[in-house]
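The values are calculated or read from the model by the stated rules, or taken from the named source; none is laboratory data. Since the structure is predicted, the reported quantities are computational estimates derived from the model, not experimental observations. As a convention, Cβ positions derive from the backbone with ideal geometry for all residues, glycine included, and neighbour counts pool all protein chains shown. Side chains included, ligands, DNA and RNA excluded: accessible areas come from the protein's heavy atoms. Shrake-Rupley method; radii C 1.70, N 1.55, O 1.52, S 1.80 Å.
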2 protein chains.
Amino acid sequence: METLSENRSFEGVQGVYKHASTACGCDMTFAVYLPPQAKTGKVPVLWYLSGLTCTHENAMVKAGLQEHAAEHGLALVFPDTSPRGDDVADDDAYDLGQGAGFYVNATRNPWRPHFQMYDYITSELRDLVLANFAILDRHGITGHSMGGHGALTIAMRNPDMYDSLSAFAPIANPTQSDWGRKQLSAYLGDDESSWCQHDSVLLMDDKGWKGDLLIDQGGSDQFLDLLKPETLAEAMMRNRQPGVFRMQEGYDHSYFFVNSFAGDHVAWHADRLLQDQ
Amino acid sequence: METLSENRSFEGVQGVYKHASTACGCDMTFAVYLPPQAKTGKVPVLWYLSGLTCTHENAMVKAGLQEHAAEHGLALVFPDTSPRGDDVADDDAYDLGQGAGFYVNATRNPWRPHFQMYDYITSELRDLVLANFAILDRHGITGHSMGGHGALTIAMRNPDMYDSLSAFAPIANPTQSDWGRKQLSAYLGDDESSWCQHDSVLLMDDKGWKGDLLIDQGGSDQFLDLLKPETLAEAMMRNRQPGVFRMQEGYDHSYFFVNSFAGDHVAWHADRLLQDQ
(Lines give C-alpha, C1' and ligand atoms only; values in the text may rest on other atoms or scores of the structure.)
Protein backbone atom coordinates (compact mmCIF):
# COMPACT_ATOMS: atom_id res chain seq x y z
CA MET A 1 0.00 0.00 0.00
CA GLU A 2 1.39 3.34 -1.06
CA THR A 3 0.51 6.70 0.45
CA LEU A 4 -0.27 9.21 -2.28
CA SER A 5 -1.15 12.13 -0.03
CA GLU A 6 -2.11 12.99 3.53
CA ASN A 7 -3.69 16.27 4.59
CA ARG A 8 -4.72 17.52 7.99
CA SER A 9 -8.48 17.95 8.10
CA PHE A 10 -10.58 18.90 11.16
CA GLU A 11 -7.71 17.81 13.42
CA GLY A 12 -7.67 14.42 11.74
CA VAL A 13 -6.02 13.14 8.56
CA GLN A 14 -7.45 12.83 5.06
CA GLY A 15 -5.29 10.36 3.18
CA VAL A 16 -5.24 8.90 -0.32
CA TYR A 17 -3.67 5.50 -0.89
CA LYS A 18 -2.96 3.08 -3.72
CA HIS A 19 -2.64 -0.68 -3.63
CA ALA A 20 -2.44 -3.60 -6.03
CA SER A 21 -5.90 -5.14 -5.92
CA THR A 22 -6.21 -8.89 -6.27
CA ALA A 23 -9.98 -8.74 -6.72
CA CYS A 24 -9.81 -6.18 -9.51
CA GLY A 25 -6.48 -7.21 -11.00
CA CYS A 26 -5.19 -3.65 -11.17
CA ASP A 27 -3.94 -0.85 -8.97
CA MET A 28 -6.79 0.76 -7.03
CA THR A 29 -6.82 4.16 -5.35
CA PHE A 30 -8.94 4.90 -2.27
CA ALA A 31 -9.23 7.56 0.41
CA VAL A 32 -9.50 7.21 4.19
CA TYR A 33 -10.35 9.94 6.67
CA LEU A 34 -9.25 9.35 10.25
CA PRO A 35 -10.86 11.67 12.80
CA PRO A 36 -8.85 13.06 15.74
CA GLN A 37 -10.31 10.35 18.01
CA ALA A 38 -8.35 7.75 16.01
CA LYS A 39 -5.11 9.08 17.52
CA THR A 40 -5.96 7.42 20.81
CA GLY A 41 -7.93 4.35 19.80
CA LYS A 42 -9.74 2.60 17.00
CA VAL A 43 -12.95 4.16 15.70
CA PRO A 44 -15.96 2.82 13.75
CA VAL A 45 -16.00 3.48 10.04
CA LEU A 46 -18.52 4.82 7.54
CA TRP A 47 -18.12 3.66 3.95
CA TYR A 48 -19.16 6.14 1.26
CA LEU A 49 -19.79 4.63 -2.17
CA SER A 50 -19.77 7.13 -5.02
CA GLY A 51 -21.83 7.44 -8.16
CA LEU A 52 -21.30 7.17 -11.90
CA THR A 53 -18.10 8.75 -13.27
CA CYS A 54 -16.71 9.41 -9.79
CA THR A 55 -13.37 8.33 -8.34
CA HIS A 56 -12.43 8.25 -4.65
CA GLU A 57 -11.88 11.99 -4.92
CA ASN A 58 -15.25 13.58 -5.68
CA ALA A 59 -16.97 12.97 -2.37
CA MET A 60 -13.71 13.40 -0.49
CA VAL A 61 -13.43 17.01 -1.66
CA LYS A 62 -17.08 18.00 -2.16
CA ALA A 63 -19.39 16.15 0.24
CA GLY A 64 -18.20 17.83 3.44
CA LEU A 65 -18.32 14.61 5.42
CA GLN A 66 -15.06 15.12 7.32
CA GLU A 67 -16.31 17.88 9.62
CA HIS A 68 -19.14 15.66 10.85
CA ALA A 69 -16.98 12.54 11.04
CA ALA A 70 -14.53 14.48 13.23
CA GLU A 71 -17.33 15.68 15.47
CA HIS A 72 -18.66 12.17 16.02
CA GLY A 73 -15.44 10.19 15.85
CA LEU A 74 -16.02 8.11 12.75
CA ALA A 75 -13.51 7.15 10.08
CA LEU A 76 -14.55 7.47 6.44
CA VAL A 77 -13.57 5.28 3.48
CA PHE A 78 -14.04 6.51 -0.08
CA PRO A 79 -13.42 3.69 -2.59
CA ASP A 80 -13.17 4.14 -6.32
CA THR A 81 -16.19 3.18 -8.42
CA SER A 82 -14.49 0.66 -10.74
CA PRO A 83 -11.20 -0.83 -11.76
CA ARG A 84 -9.17 1.47 -13.99
CA GLY A 85 -6.25 1.42 -16.39
CA ASP A 86 -5.28 0.91 -19.99
CA ASP A 87 -5.52 -2.86 -19.55
CA VAL A 88 -9.02 -2.66 -18.12
CA ALA A 89 -12.07 -2.98 -20.37
CA ASP A 90 -14.05 0.21 -20.94
CA ASP A 91 -16.90 1.64 -22.95
CA ASP A 92 -17.33 5.05 -24.55
CA ALA A 93 -20.54 5.59 -22.57
CA TYR A 94 -20.16 7.36 -19.20
CA ASP A 95 -22.42 4.79 -17.55
CA LEU A 96 -20.66 1.54 -18.43
CA GLY A 97 -17.17 0.28 -17.72
CA GLN A 98 -14.60 2.45 -15.96
CA GLY A 99 -16.31 4.74 -13.45
CA ALA A 100 -19.46 2.62 -13.57
CA GLY A 101 -18.79 -0.65 -11.75
CA PHE A 102 -22.26 -0.80 -10.17
CA TYR A 103 -20.78 -2.73 -7.20
CA VAL A 104 -21.28 -6.16 -8.79
CA ASN A 105 -18.96 -9.05 -9.65
CA ALA A 106 -19.06 -9.25 -13.44
CA THR A 107 -19.50 -12.74 -14.87
CA ARG A 108 -19.35 -11.77 -18.54
CA ASN A 109 -16.46 -10.80 -20.76
CA PRO A 110 -14.89 -8.37 -21.38
CA TRP A 111 -15.75 -7.22 -17.86
CA ARG A 112 -15.17 -10.34 -15.81
CA PRO A 113 -11.36 -10.13 -15.34
CA HIS A 114 -11.39 -6.76 -13.53
CA PHE A 115 -14.93 -5.69 -12.63
CA GLN A 116 -15.24 -7.41 -9.24
CA MET A 117 -16.28 -4.39 -7.23
CA TYR A 118 -18.61 -6.33 -4.92
CA ASP A 119 -15.76 -8.49 -3.67
CA TYR A 120 -13.42 -5.53 -3.63
CA ILE A 121 -15.67 -3.49 -1.32
CA THR A 122 -16.94 -6.26 0.93
CA SER A 123 -13.72 -8.22 1.30
CA GLU A 124 -10.41 -6.97 -0.05
CA LEU A 125 -10.59 -3.26 0.77
CA ARG A 126 -12.36 -4.04 4.03
CA ASP A 127 -9.50 -6.27 5.16
CA LEU A 128 -6.96 -3.73 3.97
CA VAL A 129 -8.32 -0.78 5.93
CA LEU A 130 -8.82 -2.88 9.06
CA ALA A 131 -5.20 -4.03 8.85
CA ASN A 132 -3.66 -0.64 8.16
CA PHE A 133 -5.71 2.03 9.96
CA ALA A 134 -7.03 2.67 13.46
CA ILE A 135 -10.42 1.38 12.39
CA LEU A 136 -12.72 -0.88 14.39
CA ASP A 137 -14.47 -3.82 12.77
CA ARG A 138 -17.73 -1.88 13.07
CA HIS A 139 -19.08 -0.52 9.81
CA GLY A 140 -21.76 1.73 8.44
CA ILE A 141 -22.38 2.24 4.75
CA THR A 142 -23.88 4.99 2.62
CA GLY A 143 -23.54 6.28 -0.91
CA HIS A 144 -24.90 8.49 -3.63
CA SER A 145 -26.79 7.49 -6.77
CA MET A 146 -25.03 4.36 -8.11
CA GLY A 147 -23.26 4.35 -4.73
CA GLY A 148 -26.58 4.54 -2.93
CA HIS A 149 -27.58 1.46 -4.88
CA GLY A 150 -24.31 -0.14 -3.81
CA ALA A 151 -24.76 0.73 -0.15
CA LEU A 152 -28.34 -0.55 0.01
CA THR A 153 -27.71 -3.80 -1.82
CA ILE A 154 -24.41 -4.60 -0.11
CA ALA A 155 -25.81 -3.94 3.36
CA MET A 156 -29.00 -5.92 2.87
CA ARG A 157 -27.00 -8.86 1.53
CA ASN A 158 -24.47 -8.68 4.38
CA PRO A 159 -26.28 -7.70 7.57
CA ASP A 160 -23.56 -9.23 9.73
CA MET A 161 -20.96 -6.92 8.21
CA TYR A 162 -22.73 -3.56 8.59
CA ASP A 163 -24.56 -1.94 11.49
CA SER A 164 -25.95 1.22 9.93
CA LEU A 165 -27.29 2.14 6.50
CA SER A 166 -28.35 5.21 4.59
CA ALA A 167 -28.38 6.49 1.01
CA PHE A 168 -28.48 9.73 -0.95
CA ALA A 169 -30.64 9.60 -4.10
CA PRO A 170 -29.98 5.91 -4.73
CA ILE A 171 -30.68 4.11 -7.98
CA ALA A 172 -33.55 2.31 -6.26
CA ASN A 173 -34.79 -0.19 -8.80
CA PRO A 174 -32.04 -0.80 -11.38
CA THR A 175 -33.66 -3.91 -12.81
CA GLN A 176 -36.42 -1.61 -14.09
CA SER A 177 -34.30 1.42 -15.06
CA ASP A 178 -32.01 2.42 -17.89
CA TRP A 179 -29.54 3.00 -15.07
CA GLY A 180 -29.29 -0.68 -14.36
CA ARG A 181 -30.68 -2.86 -17.11
CA LYS A 182 -27.88 -1.95 -19.50
CA GLN A 183 -25.15 -2.50 -16.93
CA LEU A 184 -26.57 -5.61 -15.26
CA SER A 185 -27.05 -7.12 -18.70
CA ALA A 186 -23.46 -6.32 -19.66
CA TYR A 187 -21.85 -7.43 -16.40
CA LEU A 188 -24.11 -10.38 -15.48
CA GLY A 189 -25.75 -11.47 -18.72
CA ASP A 190 -29.33 -11.47 -19.88
CA ASP A 191 -30.65 -13.94 -17.30
CA GLU A 192 -32.47 -11.44 -15.13
CA SER A 193 -32.65 -13.85 -12.21
CA SER A 194 -28.96 -13.06 -11.65
CA TRP A 195 -29.83 -9.37 -11.25
CA CYS A 196 -32.13 -9.75 -8.23
CA GLN A 197 -29.37 -9.47 -5.65
CA HIS A 198 -28.46 -6.07 -7.06
CA ASP A 199 -31.78 -4.26 -6.72
CA SER A 200 -32.74 -2.57 -3.46
CA VAL A 201 -36.47 -2.87 -4.11
CA LEU A 202 -36.25 -6.60 -4.75
CA LEU A 203 -33.98 -7.06 -1.73
CA MET A 204 -36.44 -5.08 0.41
CA ASP A 205 -39.08 -7.64 -0.55
CA ASP A 206 -36.71 -10.57 -0.09
CA LYS A 207 -34.83 -9.70 3.10
CA GLY A 208 -35.16 -6.07 4.12
CA TRP A 209 -32.60 -4.45 6.39
CA LYS A 210 -32.04 -5.59 9.96
CA GLY A 211 -32.19 -2.08 11.42
CA ASP A 212 -33.66 1.22 10.36
CA LEU A 213 -32.39 3.18 7.39
CA LEU A 214 -32.36 6.77 6.16
CA ILE A 215 -32.96 7.79 2.54
CA ASP A 216 -32.73 11.35 1.23
CA GLN A 217 -33.86 12.24 -2.27
CA GLY A 218 -33.83 15.67 -3.90
CA GLY A 219 -37.20 16.74 -5.25
CA SER A 220 -35.64 18.57 -8.20
CA ASP A 221 -33.19 15.80 -9.04
CA GLN A 222 -32.73 15.75 -12.81
CA PHE A 223 -32.57 11.93 -12.80
CA LEU A 224 -35.74 11.07 -10.87
CA ASP A 225 -37.10 8.96 -13.72
CA LEU A 226 -33.97 6.80 -13.57
CA LEU A 227 -33.65 6.66 -9.78
CA LYS A 228 -37.33 5.73 -9.17
CA PRO A 229 -37.47 6.71 -5.48
CA GLU A 230 -41.20 5.90 -5.33
CA THR A 231 -40.48 2.20 -5.85
CA LEU A 232 -38.22 2.05 -2.80
CA ALA A 233 -40.56 4.14 -0.63
CA GLU A 234 -43.43 1.83 -1.52
CA ALA A 235 -41.38 -1.31 -0.86
CA MET A 236 -40.11 0.04 2.47
CA MET A 237 -43.54 0.88 3.80
CA ARG A 238 -45.27 -2.20 2.38
CA ASN A 239 -42.65 -4.35 4.11
CA ARG A 240 -42.92 -2.27 7.30
CA GLN A 241 -39.19 -1.63 7.00
CA PRO A 242 -38.22 0.72 9.85
CA GLY A 243 -36.72 3.88 8.48
CA VAL A 244 -37.13 7.39 7.14
CA PHE A 245 -37.65 8.41 3.53
CA ARG A 246 -37.32 12.13 2.91
CA MET A 247 -38.20 14.01 -0.29
CA GLN A 248 -36.16 17.20 -0.04
CA GLU A 249 -37.74 20.01 -1.99
CA GLY A 250 -35.66 21.83 -4.56
CA TYR A 251 -32.45 19.80 -4.25
CA ASP A 252 -30.89 18.32 -7.38
CA HIS A 253 -28.54 15.36 -7.92
CA SER A 254 -25.31 17.24 -7.25
CA TYR A 255 -22.89 17.25 -4.34
CA PHE A 256 -24.61 20.42 -3.14
CA PHE A 257 -27.46 18.06 -2.23
CA VAL A 258 -25.18 15.47 -0.60
CA ASN A 259 -23.29 18.17 1.26
CA SER A 260 -26.52 19.68 2.60
CA PHE A 261 -27.51 16.45 4.32
CA ALA A 262 -24.08 15.02 5.07
CA GLY A 263 -24.40 16.06 8.72
CA ASP A 264 -27.71 14.26 9.13
CA HIS A 265 -26.32 11.06 7.63
CA VAL A 266 -23.10 11.03 9.62
CA ALA A 267 -25.11 11.64 12.81
CA TRP A 268 -27.48 8.80 11.83
CA HIS A 269 -24.55 6.41 11.45
CA ALA A 270 -22.80 7.66 14.59
CA ASP A 271 -25.95 7.08 16.65
CA ARG A 272 -25.96 3.45 15.56
CA LEU A 273 -22.24 2.67 15.36
CA LEU A 274 -21.22 4.26 18.63
CA GLN A 275 -23.83 2.66 20.86
CA ASP A 276 -23.44 -0.77 22.50
CA GLN A 277 -19.83 -1.10 21.43
CA MET B 1 -70.85 28.63 23.66
CA GLU B 2 -70.77 27.04 27.08
CA THR B 3 -67.65 26.30 29.11
CA LEU B 4 -67.75 22.75 30.44
CA SER B 5 -64.37 22.78 32.15
CA GLU B 6 -61.07 24.64 32.24
CA ASN B 7 -57.88 23.26 33.75
CA ARG B 8 -54.47 24.79 34.12
CA SER B 9 -51.97 22.86 32.00
CA PHE B 10 -48.31 23.75 31.43
CA GLU B 11 -49.03 27.33 32.52
CA GLY B 12 -51.79 27.55 29.92
CA VAL B 13 -55.44 26.51 29.94
CA GLN B 14 -57.02 23.28 28.70
CA GLY B 15 -60.71 23.98 28.18
CA VAL B 16 -63.71 21.99 27.02
CA TYR B 17 -66.64 23.79 25.43
CA LYS B 18 -70.06 23.05 24.00
CA HIS B 19 -72.01 24.90 21.35
CA ALA B 20 -75.07 24.43 19.19
CA SER B 21 -73.70 23.52 15.78
CA THR B 22 -75.55 24.73 12.72
CA ALA B 23 -73.55 22.50 10.39
CA CYS B 24 -74.24 19.35 12.38
CA GLY B 25 -77.67 20.27 13.70
CA CYS B 26 -76.83 19.22 17.25
CA ASP B 27 -74.78 20.27 20.25
CA MET B 28 -71.08 19.68 19.69
CA THR B 29 -68.32 19.46 22.27
CA PHE B 30 -64.71 20.43 21.53
CA ALA B 31 -61.52 21.18 23.44
CA VAL B 32 -59.08 24.06 23.08
CA TYR B 33 -55.66 24.36 24.66
CA LEU B 34 -54.25 27.86 25.01
CA PRO B 35 -50.53 28.02 25.80
CA PRO B 36 -49.14 30.61 28.21
CA GLN B 37 -48.11 32.80 25.27
CA ALA B 38 -51.81 33.38 24.52
CA LYS B 39 -52.11 35.51 27.66
CA THR B 40 -50.26 38.31 25.92
CA GLY B 41 -51.23 37.92 22.28
CA LYS B 42 -52.83 35.68 19.72
CA VAL B 43 -51.03 32.47 18.79
CA PRO B 44 -51.17 30.12 15.78
CA VAL B 45 -53.25 26.98 16.17
CA LEU B 46 -52.74 23.28 15.49
CA TRP B 47 -55.87 21.25 14.78
CA TYR B 48 -55.80 17.63 15.93
CA LEU B 49 -58.39 15.37 14.29
CA SER B 50 -59.06 12.12 16.14
CA GLY B 51 -59.74 8.61 14.97
CA LEU B 52 -62.62 6.15 15.01
CA THR B 53 -64.65 5.96 18.27
CA CYS B 54 -62.90 9.01 19.75
CA THR B 55 -64.43 12.18 21.13
CA HIS B 56 -62.62 15.47 21.76
CA GLU B 57 -61.31 13.91 24.95
CA ASN B 58 -59.06 11.02 23.97
CA ALA B 59 -56.18 12.95 22.47
CA MET B 60 -56.67 15.79 24.96
CA VAL B 61 -55.86 13.46 27.85
CA LYS B 62 -53.56 10.88 26.22
CA ALA B 63 -51.53 12.40 23.38
CA GLY B 64 -49.34 14.67 25.51
CA LEU B 65 -49.53 17.52 23.02
CA GLN B 66 -49.98 20.31 25.57
CA GLU B 67 -46.41 20.25 26.89
CA HIS B 68 -45.02 20.78 23.42
CA ALA B 69 -47.66 23.33 22.45
CA ALA B 70 -46.76 25.33 25.56
CA GLU B 71 -43.07 25.17 24.72
CA HIS B 72 -43.61 26.47 21.20
CA GLY B 73 -46.57 28.76 21.77
CA LEU B 74 -49.24 27.03 19.73
CA ALA B 75 -52.92 26.63 20.57
CA LEU B 76 -54.53 23.22 20.05
CA VAL B 77 -58.07 22.40 18.95
CA PHE B 78 -59.52 18.92 19.51
CA PRO B 79 -62.87 18.56 17.71
CA ASP B 80 -65.23 15.64 18.13
CA THR B 81 -65.28 13.00 15.38
CA SER B 82 -68.98 13.16 14.51
CA PRO B 83 -72.32 14.63 15.50
CA ARG B 84 -73.85 12.92 18.49
CA GLY B 85 -77.17 12.54 20.30
CA ASP B 86 -80.33 10.51 20.44
CA ASP B 87 -81.70 12.36 17.43
CA VAL B 88 -78.61 11.66 15.34
CA ALA B 89 -78.45 8.62 13.08
CA ASP B 90 -76.11 5.83 14.22
CA ASP B 91 -75.04 2.31 13.40
CA ASP B 92 -74.19 -0.59 15.67
CA ALA B 93 -70.75 -0.87 14.06
CA TYR B 94 -67.95 1.08 15.71
CA ASP B 95 -66.78 2.36 12.34
CA LEU B 96 -69.96 3.97 10.97
CA GLY B 97 -72.14 6.74 12.32
CA GLN B 98 -71.47 8.38 15.66
CA GLY B 99 -67.72 8.44 16.37
CA ALA B 100 -66.97 7.76 12.71
CA GLY B 101 -67.75 10.89 10.71
CA PHE B 102 -64.76 10.49 8.37
CA TYR B 103 -64.62 14.29 7.93
CA VAL B 104 -67.01 14.35 4.95
CA ASN B 105 -70.32 16.07 4.25
CA ALA B 106 -72.83 13.22 3.92
CA THR B 107 -75.16 13.45 0.96
CA ARG B 108 -77.19 10.30 1.72
CA ASN B 109 -79.84 9.60 4.30
CA PRO B 110 -80.01 8.83 7.12
CA TRP B 111 -76.65 10.58 7.52
CA ARG B 112 -77.19 13.78 5.58
CA PRO B 113 -79.01 15.89 8.23
CA HIS B 114 -76.20 15.78 10.81
CA PHE B 115 -73.03 14.27 9.36
CA GLN B 116 -71.48 17.46 7.92
CA MET B 117 -68.09 17.17 9.58
CA TYR B 118 -66.15 18.64 6.67
CA ASP B 119 -68.06 21.91 6.89
CA TYR B 120 -67.97 21.77 10.66
CA ILE B 121 -64.18 21.56 10.81
CA THR B 122 -63.29 23.86 7.93
CA SER B 123 -65.88 26.54 8.54
CA GLU B 124 -68.12 26.58 11.59
CA LEU B 125 -65.70 25.50 14.31
CA ARG B 126 -62.90 27.47 12.69
CA ASP B 127 -64.93 30.66 12.85
CA LEU B 128 -65.98 29.89 16.41
CA VAL B 129 -62.48 29.44 17.81
CA LEU B 130 -61.16 32.49 15.95
CA ALA B 131 -63.96 34.60 17.43
CA ASN B 132 -63.71 33.33 21.00
CA PHE B 133 -60.05 32.54 21.75
CA ALA B 134 -56.67 34.27 21.45
CA ILE B 135 -56.01 32.38 18.24
CA LEU B 136 -54.45 33.77 15.08
CA ASP B 137 -55.89 32.96 11.68
CA ARG B 138 -52.83 30.78 11.03
CA HIS B 139 -53.51 27.06 11.14
CA GLY B 140 -51.73 23.74 11.06
CA ILE B 141 -53.53 20.41 10.96
CA THR B 142 -52.72 16.89 12.03
CA GLY B 143 -54.58 13.81 13.14
CA HIS B 144 -54.50 10.11 13.89
CA SER B 145 -55.90 7.26 11.84
CA MET B 146 -59.32 8.46 10.54
CA GLY B 147 -58.17 11.87 11.77
CA GLY B 148 -54.93 11.56 9.81
CA HIS B 149 -57.10 10.94 6.76
CA GLY B 150 -59.10 14.02 7.71
CA ALA B 151 -56.03 16.20 8.16
CA LEU B 152 -54.44 15.15 4.87
CA THR B 153 -57.56 15.49 2.75
CA ILE B 154 -58.79 18.73 4.34
CA ALA B 155 -55.37 20.39 4.02
CA MET B 156 -54.78 19.34 0.42
CA ARG B 157 -58.24 20.59 -0.54
CA ASN B 158 -57.79 23.89 1.29
CA PRO B 159 -54.18 25.01 0.94
CA ASP B 160 -55.11 28.64 1.59
CA MET B 161 -56.53 27.73 4.99
CA TYR B 162 -53.61 25.69 6.42
CA ASP B 163 -49.88 26.32 6.53
CA SER B 164 -48.56 23.07 7.99
CA LEU B 165 -49.56 19.42 7.76
CA SER B 166 -48.70 16.11 9.37
CA ALA B 167 -50.39 12.83 10.22
CA PHE B 168 -50.05 9.88 12.58
CA ALA B 169 -50.90 6.50 11.01
CA PRO B 170 -53.45 7.95 8.60
CA ILE B 171 -56.02 5.93 6.70
CA ALA B 172 -54.07 6.62 3.53
CA ASN B 173 -56.19 5.20 0.75
CA PRO B 174 -59.79 4.83 2.02
CA THR B 175 -61.27 4.31 -1.45
CA GLN B 176 -59.37 1.00 -1.51
CA SER B 177 -59.79 -0.03 2.15
CA ASP B 178 -62.51 -1.52 4.32
CA TRP B 179 -61.84 1.57 6.43
CA GLY B 180 -63.29 3.86 3.80
CA ARG B 181 -65.31 2.02 1.19
CA LYS B 182 -68.08 1.18 3.63
CA GLN B 183 -68.27 4.67 5.05
CA LEU B 184 -67.85 6.62 1.80
CA SER B 185 -70.53 4.45 0.26
CA ALA B 186 -72.89 5.10 3.18
CA TYR B 187 -72.24 8.83 3.44
CA LEU B 188 -71.74 9.72 -0.24
CA GLY B 189 -73.41 6.94 -2.21
CA ASP B 190 -72.05 4.34 -4.56
CA ASP B 191 -70.78 6.74 -7.24
CA GLU B 192 -67.09 6.41 -6.46
CA SER B 193 -66.23 9.60 -8.34
CA SER B 194 -67.67 11.46 -5.34
CA TRP B 195 -65.12 9.74 -3.09
CA CYS B 196 -61.99 11.08 -4.78
CA GLN B 197 -61.81 14.25 -2.73
CA HIS B 198 -61.62 12.13 0.43
CA ASP B 199 -58.57 10.00 -0.35
CA SER B 200 -55.07 11.27 0.40
CA VAL B 201 -53.43 9.11 -2.27
CA LEU B 202 -55.78 10.35 -4.98
CA LEU B 203 -55.37 13.94 -3.78
CA MET B 204 -51.60 13.53 -3.81
CA ASP B 205 -51.90 12.63 -7.50
CA ASP B 206 -54.41 15.41 -8.17
CA LYS B 207 -53.01 18.36 -6.21
CA GLY B 208 -50.42 17.39 -3.65
CA TRP B 209 -49.67 19.64 -0.70
CA LYS B 210 -48.23 23.12 -1.12
CA GLY B 211 -45.51 22.61 1.50
CA ASP B 212 -43.75 19.68 3.03
CA LEU B 213 -45.48 17.18 5.28
CA LEU B 214 -44.56 14.69 7.99
CA ILE B 215 -46.08 11.20 8.29
CA ASP B 216 -45.35 8.77 11.11
CA GLN B 217 -46.53 5.17 10.98
CA GLY B 218 -45.96 2.46 13.56
CA GLY B 219 -44.35 -0.66 12.16
CA SER B 220 -46.32 -2.94 14.50
CA ASP B 221 -49.63 -1.20 13.95
CA GLN B 222 -52.37 -3.81 14.11
CA PHE B 223 -54.28 -2.04 11.31
CA LEU B 224 -51.58 -1.73 8.65
CA ASP B 225 -53.64 -3.63 6.09
CA LEU B 226 -56.43 -1.08 6.48
CA LEU B 227 -54.20 2.01 6.68
CA LYS B 228 -52.10 1.10 3.61
CA PRO B 229 -49.14 3.41 4.33
CA GLU B 230 -47.24 2.08 1.31
CA THR B 231 -49.78 3.64 -1.04
CA LEU B 232 -49.20 7.11 0.38
CA ALA B 233 -45.42 6.73 0.50
CA GLU B 234 -45.42 5.68 -3.14
CA ALA B 235 -47.70 8.53 -4.17
CA MET B 236 -45.63 11.08 -2.25
CA MET B 237 -42.36 10.06 -3.80
CA ARG B 238 -43.76 9.51 -7.31
CA ASN B 239 -45.19 13.02 -7.20
CA ARG B 240 -41.96 14.41 -5.71
CA GLN B 241 -44.04 15.71 -2.80
CA PRO B 242 -41.65 17.31 -0.31
CA GLY B 243 -41.89 15.61 3.03
CA VAL B 244 -40.83 12.88 5.40
CA PHE B 245 -42.37 9.43 5.74
CA ARG B 246 -41.18 7.49 8.79
CA MET B 247 -41.84 3.82 9.56
CA GLN B 248 -41.36 3.60 13.32
CA GLU B 249 -40.33 0.12 14.39
CA GLY B 250 -42.37 -1.60 17.05
CA TYR B 251 -45.04 1.07 17.59
CA ASP B 252 -48.69 0.10 17.41
CA HIS B 253 -51.85 2.11 16.66
CA SER B 254 -52.42 3.37 20.21
CA TYR B 255 -51.93 6.73 21.84
CA PHE B 256 -48.62 5.43 23.17
CA PHE B 257 -47.48 5.79 19.56
CA VAL B 258 -49.01 9.24 19.09
CA ASN B 259 -47.61 10.39 22.42
CA SER B 260 -44.12 9.19 21.50
CA PHE B 261 -43.95 11.42 18.44
CA ALA B 262 -46.18 14.28 19.61
CA GLY B 263 -43.11 16.42 20.27
CA ASP B 264 -41.78 15.94 16.77
CA HIS B 265 -45.10 16.86 15.20
CA VAL B 266 -45.71 19.95 17.31
CA ALA B 267 -42.17 21.12 16.54
CA TRP B 268 -42.77 20.47 12.83
CA HIS B 269 -45.89 22.64 12.89
CA ALA B 270 -44.27 25.32 15.05
CA ASP B 271 -41.37 25.61 12.62
CA ARG B 272 -43.81 26.35 9.82
CA LEU B 273 -46.49 28.34 11.64
CA LEU B 274 -44.22 30.64 13.60
CA GLN B 275 -42.01 31.79 10.75
CA ASP B 276 -42.83 34.72 8.47
CA GLN B 277 -45.79 35.81 10.55
Mean other chain Cβ within 10 Å across A:223-233 is 3
Given the C-alpha atoms of the protein assembly as shown, compute the convex hull and give its volume per residue in Å³.
154 Å³
Of all DSSP beta bridges in chain B, antiparallel share, percent nearest 5
50 percent
What residues qualify as long-range amide H neighbours of B:LEU52, i.e. H under 5 Å apart, gap of 5 or more or another chain, H built at 1.01 Å from N?
B:MET146, B:GLY147
Over segment B:1-111, one equal point on each Cα, no solvent: what is log10 I(q)/I(0) by the Debye formula at q = 0.23 Å⁻¹?
-1.23
Taking the Cβ of A:GLY208 as the centre, find all other residues whose Cβ is under 14 Å away and add up their charges (Lys, Arg: +1; Asp, Glu: -1).
-2
Residues other than B:ASP199 with Cβ under 15 Å of its Cβ, Lys/Arg counted +1 and Asp/Glu -1, net out at -2
Unit charges on C-beta of K, R, D, E only; dipole of the protein assembly as shown, Debye
660 debye
Please list, or write none, the lysines whose alpha carbon is within less than 23 Å of the alpha carbon of A:LYS62, excluding same-chain residues fewer than 8 places away.
A:LYS18
Got the B:ARG157 label distances to the other copies yet, label 7 Å along Cα→Cβ, in nm, shortest first?
4.9
Express the relative contact order of segment A:2-274 as a whole percentage, based on alpha carbon pairs under 8 Å and six or more residues apart in sequence.
18 percent
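Taking GluC sites (Glu not before Pro) as exposed when DSSP calls them loop (any state but H, G, I, E, B) and at most 16 other Cβ atoms lie within 10 Å, what is the longest stretch of chain B free of them, the sites themselves excluded?
Counting only loop sites that pass the neighbour cut-off, the longest clear stretch is B:12-248.
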Once the Cβ-Cβ distance between B:ASP271 and B:VAL61 is put in as r, and R0 is 30 Å, what FRET efficiency do you end up with, to the nearest 0.05?
0.70
For A:ASN132, place a label point 7 Å from Cα along the Cα-to-Cβ direction in every copy; what are the distances to the other copies, in nm, shortest first?
7.4
Per q in 0.14, 0.16 Å⁻¹, report the Debye log10 I(q)/I(0) for segment A:134-277, using one uniform scatterer on each alpha carbon and no solvent.
-0.62, -0.81
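Give the calculated FRET efficiency between B:LYS39 and B:THR175 to the nearest 0.05, with a Förster radius of 56 Å applied to their Cβ-Cβ distance. Don't jump to the answer; show the numbers that get you there.
Details: r = 45 Å, r/R0 = 0.80.
Computed FRET efficiency for B:LYS39 and B:THR175: 0.80.
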What does the helix-only formula give at 222 nm for chain B: each DSSP H stretch with n ≥ 4 adding -39500 (n - 2.57), the total divided by the residues, and the result rounded to the nearest 500 deg cm²/dmol?
-8500 deg cm²/dmol
Hey, if you put +1 on the Cβ of every Lys and Arg and -1 on every Asp and Glu Cβ in segment B:2-274, which of B:SER220, B:PRO110, B:SER145 ends up farthest toward the positive end of that dipole?
B:SER145
5 Å is the cut-off here: which amide hydrogens, built 1.01 Å from N in the peptide plane, fall below it relative to A:LEU213, excluding neighbours closer than 5 in sequence?
A:GLY243, A:VAL244
Give the Rg/Rh ratio for chain B, taking Rg as the radius of gyration of the Cα atoms and Rh as the Kirkwood radius, to two decimals.
0.94
Average accessible area per residue (Å²) across chain B - probe 1.4 Å, nucleic acids and ligands excluded:
36 Å²
Starting from the 7 Å offset along Cα-to-Cβ, what nm value, one decimal, do you get for the label separation of A:ASN109 and A:MET161?
2.8 nm
Accessible surface of the protein assembly as shown [probe 1.4 Å, protein heavy atoms]: carbon and sulfur percent
43 percent
With unit charges on the beta carbon (Lys/Arg positive, Asp/Glu negative), name the residue among A:ALA155, B:SER185, B:ALA63 whose Cα is farthest towards the positive pole of the charge dipole of the protein assembly as shown.
B:ALA63
Inter-copy separations for A:GLU249, label at 7 Å along Cα-Cβ, nm, ascending
3.1
Could you let me know the centre-to-centre spacing of segment B:93-133 and segment B:146-205, using Cα atoms, in angstrom?
14 Å
Whole-Hz ³J(HN,Hα) from phi, Karplus 6.51 cos²θ - 1.76 cosθ + 1.60, for segment A:46-58, glycine and proline x
10, 8, 10, 9, 8, x, 3, 6, 7, 10, 4, 7, 4
Bins of 10 Å, starting at 0 and running to the largest distance - Cα pair percent for segment A:71-215
11, 42, 34, 11, 1
Environment charge of B:ALA134, counting only residues whose C-beta is closer than 11 Å and scoring Lys/Arg +1, Asp/Glu -1
+2
